[in-house]
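Novice: Sharing a structure below in structure tokens format, with a few things to ask.
The values are calculated or read from the model by the stated rules, or taken from the named source; none is laboratory data. For clarity, every value in this text was computed on a predicted model and none was experimentally measured. Here the Cβ positions follow ideal geometry from the backbone for every residue, glycine too, while neighbour counts run over all protein chains shown. For accessibility, only protein heavy atoms count, side chains too; no ligands or nucleic acids. Shrake-Rupley method; radii C 1.70, N 1.55, O 1.52, S 1.80 Å.
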Amino acid sequence: MRNDITAHRTTSLPRRRVLLGASLLAASAALPGLATAAGGQARATRLQGVEFPNSAIKMAGNLYFPAGFTRGGKYAAIVSVHPGGGVKEQTAGLYAQKLAEQGFIVLTFDASHQGASGGMPRFLDDPMKRVGDIYAAVDYLTTLPYVDQARIGALGICAGSGHAIKAATTDRRIKAVATVSAVDVGAASRRGWDGKASEAEQIATLDAVARQRTAEAAGAAPVYAPYVPNVGDKTAPLDLQEAADYYLTPRGQHSNAPNKMLLTSASYMVSYTGFDRVETLLTQPVMIIAGGKAGSLWHSQELHAKAPGPKELAIIEGATHMDLYDGKGADTAAAKLAPFFTRNL
């Protein structure tokens, strides 16, 4: 599905609020692929493009199959949820492949209104809709005869973590949930990337959204905000500088992730809380993985403190937020995720 749109204005927000998704924050033919398992042994996996319904929206996903997959078998399955502004082919897909190597069925998908998924207006980032995307992804997995409905888990990366936690608190079909570089976009929108933003910054953002909604109601063109700063912007926090290096360079860049979202998404984010009711409703096992040098570490620490059930906080010393998106950091995180899901699914 193409997402061509007319170019519209973009706007800058206070630097703490950049990376808004984490800070203001007919199946196709199967494609063969090879990946290297954590132990160094290459294991063949298969990737299949899929579509599934989310109310009136058609969702675009990728389904990863483990080596030796047979349709007559029964497999544990995991939904891998991408960060704000990302798409399924980036870090969520990398983790999906790593987990498929370990024997899991894994589903990634583009958020509604984004990437190759449907939904208008384009580039809307509404956290509760992203939680609904996960419900729909679990719905889809339950329809697959080779998925064991009693063994479905969720993995969220960055903003996808907050959405995965929110979904797990309210969808009991999710039996285990894990986070990597967790971010609750509601808390980040209110408190900034480093957790220290003032209420005045929050009010300034909401004032800008109010003016823009009024303008659009009168026929003005949409305004977009970037998720990450420009490459080389040294005024941004280190995590966000590194996010630009991932999203805006060949390291992780993808044509369906253009680093833009509707400015009016901000009001949905400020009113959202990904980790609310965790204390009473999140009884499933939780694995929380974060970098010791991540500016976002406070999200993982707060989630760990709140979670009442079986839980583990794994801090990877020396790693930043973005170090866990790919490379050795992702290898280290995946080596912790696979045993967690094996034990709990």
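Novice: Only one of VAL138, VAL183 is under 18 Å from the mean Cα position of the chain (by Cα), part of a loop (DSSP other than H, G, I, E, B) and not aromatic (Phe, Trp, Tyr); which? Give the steps one after another, and end with the answer.
Specialist: On the way: VAL138 fails: part of a loop (DSSP other than H, G, I, E, B).
Criteria check complete, one pass: VAL183.
Novice: If only one of ALA236, ALA243, ALA257, ALA294 is modelled with pLDDT under 95, crowded, with 18+ Cβ neighbours inside 10 Å and of a type in the set (A, V, I, L, M, F, W, C), which one is it?
Specialist: Working: ALA243 fails: modelled with pLDDT under 95; ALA257 fails: modelled with pLDDT under 95; ALA294 fails: modelled with pLDDT under 95.
Only one candidate passes the filter, namely ALA236.
Novice: Only one of (1) at pLDDT 50 or above; (2) in a loop (DSSP other than H, G, I, E, B) is not met by ILE5, so which one is it?
Specialist: Just one mismatch for ILE5, condition (1).
Novice: Ok, one more. Does THR143 satisfy the condition of being under 19 Å from ILE288 (Cα atoms), out of contact with any Gly (no Cβ under 8 Å at 6 or more places or on another chain) and open to solvent by 10 Å² or more (accessible area, probe 1.4 Å)? First the steps, then the outcome.
Specialist: Details: under 19 Å from ILE288 (Cα atoms): no; out of contact with any Gly (no Cβ under 8 Å at 6 or more places or on another chain): yes; open to solvent by 10 Å² or more (accessible area, probe 1.4 Å): yes.
It is false that THR143 is under 19 Å from ILE288 (Cα atoms), out of contact with any Gly (no Cβ under 8 Å at 6 or more places or on another chain) and open to solvent by 10 Å² or more (accessible area, probe 1.4 Å).
Novice: Hey, another quick one. Against the definition (within 21 Å of LYS196 (Cβ to Cβ), modelled with pLDDT of 95 or more and among the basic types (Lys, Arg)), how does LYS311 come out, yes or no? Outline the logic, then answer.
Specialist: Numbers: within 21 Å of LYS196 (Cβ to Cβ): no; modelled with pLDDT of 95 or more: yes; among the basic types (Lys, Arg): yes.
No, not satisfied.
Novice: Can you find, within the stretch 201-233, the residue that is most open to solvent (accessible area, probe 1.4 Å) among those that are among the aliphatic types (A, V, I, L, M), under 25 Å from the mean Cα position of the chain (by Cα) and within 20 Å of ARG190 (Cβ to Cβ)?
Specialist: Within the stretch 201-233, the subset among the aliphatic types (A, V, I, L, M) is 203-204, 206, 208-210, 215, 217-218, 220-221, 223, 225, 228, 231.
So of that shortlist, the ones also under 25 Å from the mean Cα position of the chain (by Cα) come out as 206, 209, 223, 225, 228, 231.
So of that shortlist, the ones also within 20 Å of ARG190 (Cβ to Cβ) come out as 206, 209, 225, 228.
On the way: LEU206: 53, VAL209: 4, ALA225: 1, VAL228: 2 Å².
So, considering only residues that are among the aliphatic types (A, V, I, L, M), under 25 Å from the mean Cα position of the chain (by Cα) and within 20 Å of ARG190 (Cβ to Cβ), the one most open to solvent (accessible area, probe 1.4 Å) is LEU206.
Novice: When you go through (1) farther than 18 Å from VAL185 by Cα; (2) open to solvent by 10 Å² or more (accessible area, probe 1.4 Å); (3) β-branched (Val, Ile, Thr) one by one for THR273, which number turns out not to apply?
Specialist: All conditions are met except number (1).
Novice: Please work out which one of (1) touching a helix residue (DSSP H, G or I) at 6+ places or on another chain (Cβ under 6 Å); (2) at negative phi; (3) not hydrophobic (A, V, I, L, M, F, W, C) is the condition SER181 fails and give its number.
Specialist: In the conditions (1) touching a helix residue (DSSP H, G or I) at 6+ places or on another chain (Cβ under 6 Å); (2) at negative phi; (3) not hydrophobic (A, V, I, L, M, F, W, C), SER181 misses (2) alone.
Novice: For TYR146, are the conditions met, namely being farther than 17 Å from TYR272 by Cβ and aromatic (Phe, Trp, Tyr)? Working first, answer last.
Specialist: On the way: farther than 17 Å from TYR272 by Cβ: yes; aromatic (Phe, Trp, Tyr): yes.
For TYR146, the condition - farther than 17 Å from TYR272 by Cβ and aromatic (Phe, Trp, Tyr) - is met.
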